[in-house]
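Here is the structure we will look at.
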Amino acid sequence: MELNWQLLPWQATVWQSKKRFKVLACGRRTGKSNLAIKLTLAKALEAPEGSAVVYVAPTLGQARQIAWDALLDQGRDIIKSAHVNQLDITLVTGRKIHIRSAENPDTLRGLKLYFAVLDEAAFIKDDSTWTKIIRPALSDLEGEALFVSSPDGRNWFYDLYNSALKGEDEDWIAFHFTTKDNPTIAPKEIEAAKKTLSTLVFKQEFEASFAVSGQELFKEEWIKTGPEPKHGAYYIAVDLAGFEDVAKNASASKKRLDETAIAVVKVSDEDGVWWVKEIQHGRWDIKETASKILSVMKEYQPTAIGIERGSLKNAVLPFLSDLMRKYNTFSHIHDLTHGNKKKTDRIVWALQGRFEHGRIVLNEDGDFEDFKEQLLLFPTAGVHDDLPDALSYIDQLCVTSYQTDYEEDDWEPIDALSGY
């Protein structure tokens, strides 16, 4: 049995890929759902006896709107029956296509799946529908899956796309297509949209960009790099975030966990400028975390080191104390606190003015790509802010004068007796 379909060039590229799991980040009107419909029908035809194919959308309304009519139309020559209430389609071969929503994923339990589509995957709440239900159901037949979506910020779909893009698993492949890749969309229509939509919306919806904007609290032109100042003192701030080696369990949900960050800053004696030597970050077990803190203490011999107060500090301190005694390296550990401020207010207060006026300089030989991304996107839901948060704590460790320099003869005490 044959289906004579004409595919767009980019659709043919995806169709011909032999990879088991395909992740597609596509712009609006690219033709991504059309490809998903065609693949759903084709895979259902070749599915072994006793197996099924499933199409999943974020909501039941979207499943009906996007898939139901399209499947009935494009598969009319091979469809035997369709149950609109159950959203089930039976082909002439006896194989079934189930249309479901991620709102009620339990309806997918018990199925032996040959192929699965997760359409508009970025708008599905989390990866549990995939990891807990669909992925195990594909195991018996080593079935395939297609993830298609326009981006919606930094969420589990973003992690999935990046993982596939890096080639971390040979079964996975990532594709990126924009609205321009659909030759049926007139270029003048795309240009018209570009003129009327905001830059952010156009990039996300038409260019399938994962770049999301924060509130522009920090600007890229404020970020400066430079050499280490000759004179100054080191300060170290530690923002703890739990103890676990994510590399040993590198699922998408694990990768989205907060990280511990250790900011190492040299404050210039001449002008009080912060020179950021490095910001180490990662999610380590408790012993490795203590070891990393001790390592920077030994290397930089800071004037002050601070750790965020709380249960995590209480947990790591015994291990750190043992290491300090073992290696005869000692430093007074200061409590870092939120100061009854929200995180956004705390970071803005400590960093915004300093960056704007060039009073924070990054090590010109350091790698700060992760820090820059977090800073420029701050505060954005789904984007980490551990590195800016750690750097902001330096404000509690060093006292910087904000007064204008003056000559000694230019001032007089308000109160002659107290000298104030």
Note to self: Helix-only estimate, please: 222 nm mean residue ellipticity of the chain, summing -39500 (n - 2.57) across DSSP H runs of length 4 or more and dividing by its residues, to the nearest 500.
What the structure shows: -8000 deg cm²/dmol
Check: By how many nm would the segment from K194 to V92 lengthen if fully extended, with 0.36 nm per residue of separation less the alpha-carbon distance?
Finding: 32.2 nm
Notebook entry, point to check: Which far-off residues, 5 or more places away or on another chain, put their amide H under 5 Å from the one on V273, with H placed in the peptide plane?
Noted result: S268
Item checked: Difference of contour (0.36 nm per residue) and Cα-Cα distance, D271 to W349 -> 26.2 nm
Next item on the list: Hey, can you grab everything whose amide H is under 5 Å from the amide H of H334? Only 5+ residues off in sequence or another chain; H modelled, so Pro and N-termini drop out.
Entry: I305, G306, I307
Next item on the list: Would you look at the GNM of the chain, springs on alpha carbons closer than 10 Å, and say which of W156, W274, W172 moves the most?
Entry: W172
Check: Given the options K38, K194, K112, which has the most mean-square fluctuation in a GNM of the chain, springs set between C-alpha atoms less than 10 angstrom apart?
Finding: K194
Notebook entry, point to check: If you take the beta carbon distance between W5 and A186 as r and set R0 to 22 Å, what does 1/(1 + (r/R0)^6) give as a FRET efficiency, to the nearest 0.05?
Noted result: 0.45
Next item on the list: Note the full-extension length gain between W222 and V201 as 0.36 nm times their separation in residues minus their Cα-Cα distance, in nm to one decimal.
Entry: 5.1 nm
Check: Straight-line reach from K19: which lysines have Cα under 16 Å away, leaving out those fewer than 8 places along the same chain?
Finding: K43, K166
Checklist line | Counting DSSP beta bridges with both ends in the chain, the antiparallel % (nearest 5) | finding: 35
Checklist line | Distance between modelled label sites at E142 and K298, nm, 7 Å Cα→Cβ extension | finding: 4.8
Check: In the range 265-368, with Lys and Arg counted as +1 and Asp and Glu as -1 at Cβ, which of these residues, V265, F368, G306, has the Cα nearest the positive end of the dipole, that is, farthest along it?
Finding: G306
Notebook entry, point to check: Any idea what the dipole of the range 27-86 comes to, in debye rounded to 20, about its Cα centre with Lys/Arg Cβ at +1 and Asp/Glu Cβ at -1?
Noted result: 300
Checklist line | Debye equation applied to the C-alpha atoms of the chain, log10 I(q)/I(0) at 0.07, 0.13, 0.15 Å⁻¹ | finding: -0.48, -1.10, -1.29
Checklist line | Eligible lysines near K195 by straight Cα distance, threshold 16 Å, same-chain separation 8 or greater | finding: K180, K203
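Taken together, the values in this text are just the output of simple stated rules run on the coordinates, not laboratory data. Keep in mind it's a predicted model, so treat the numbers as computed, not measured. With ideal geometry, Cβ positions are generated from the backbone for all residues, glycine too; neighbour counts draw on all protein chains shown.
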